[in-house]
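One structure is given here, and the rest of the page talks about it.
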Amino acid sequence: MNLDTWLLFSGAALVVILIPGPLSLLMISNSLNYGLRRSYPAFLGGVFASICLLSASALGLGALLLASEQLFSALKIVGALYLFYLAWQSWQQSRQPALGADVPQTPPVPRFRALFGRAFVLGASNPKDILFFAAFLPQFLSSQQPFLPQLLIMIATWTVLDLLCKLAYGLGAHGAARYLRSGAGQSWFNRVSAALFGGAATAALLKG
């Protein structure tokens, strides 16, 4: 892959990654509720999901989904149900007693596997992401060059940009934590998170 093509891919990928979505919201929520350091597993889970989707698209899974409407619908329902589950979790957290400013309590922190798995399932359960990658990647591939090196460069570039952007979302939430971790701030944030997760799930089910 030549430098010009790589720069074009990097710029386009950065624009796509910066668009807020359910994973970005999960990064912010984890950073707020569990602290920045303990939310790293979720960062890694989301990035690993993107790597898997990129690889799956390159291996032809995107074409398979286009050819199988039933498989596409099944994966879409799975993703929507998981978003509803995250909405329920956020709503439950919003109903917990408000934390006083002079009582430095934090909610129980899930284990690494749980945080990683939650982000991975959310990122990997959206079939539209696979279709997006299936349409996005060929725009920057050259038939005159070996396929595998180009793919590896694209995956590595996307991984670094994705990790940096997710970390930025987490740092932003960490910086605003003084207000958001107040009783009212955290409660309202979790309610908004629940509404957004639920809205995303409903939209996923309603769209054809």
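Okay, residues lined up against (1) out of contact with any Asp or Glu (no Cβ under 6 Å at 6 or more places or on another chain); (2) of a type in the set (D, E, K, R); (3) modelled with pLDDT of 85 or more:
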| position | (1), (2), (3) |
| --- | --- |
| 157 | yes, no, yes |
| 161 | yes, no, yes |
| 166 | yes, yes, no |
| 169 | yes, no, no |
| 172 | yes, no, no |
| 183 | yes, no, no |
| 188 | yes, no, no |
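Got at least one residue in the stretch 53-64 being more than 16 Å from residue 138 (Cβ to Cβ) and either in a helix (DSSP H, G or I) or at pLDDT 75 or above (or both)?
Looking only at the stretch 53-64, we keep the residues that are more than 16 Å from residue 138 (Cβ to Cβ), and these are none.
Checked the stretch 53-64: no residue is more than 16 Å from residue 138 (Cβ to Cβ) and either in a helix (DSSP H, G or I) or at pLDDT 75 or above (or both).
Taking residue 83 as the residue in question, decide whether it is surrounded by 13 or more Cβ atoms within 10 Å (Cβ to Cβ), modelled with pLDDT under 80 and closer than 17 Å to residue 201 by Cα. Please lay out each step first, then the result.
Values: surrounded by 13 or more Cβ atoms within 10 Å (Cβ to Cβ): yes; modelled with pLDDT under 80: yes; closer than 17 Å to residue 201 by Cα: yes.
The answer is yes for residue 83.
The values are calculated or read from the model by the stated rules, or taken from the named source; none is laboratory data. A quick note: this is a predicted structure, and the numbers were derived from the prediction, not measured. So basically every Cβ, Gly included, is an ideal-geometry build from the backbone, and we count neighbours across all protein chains shown.
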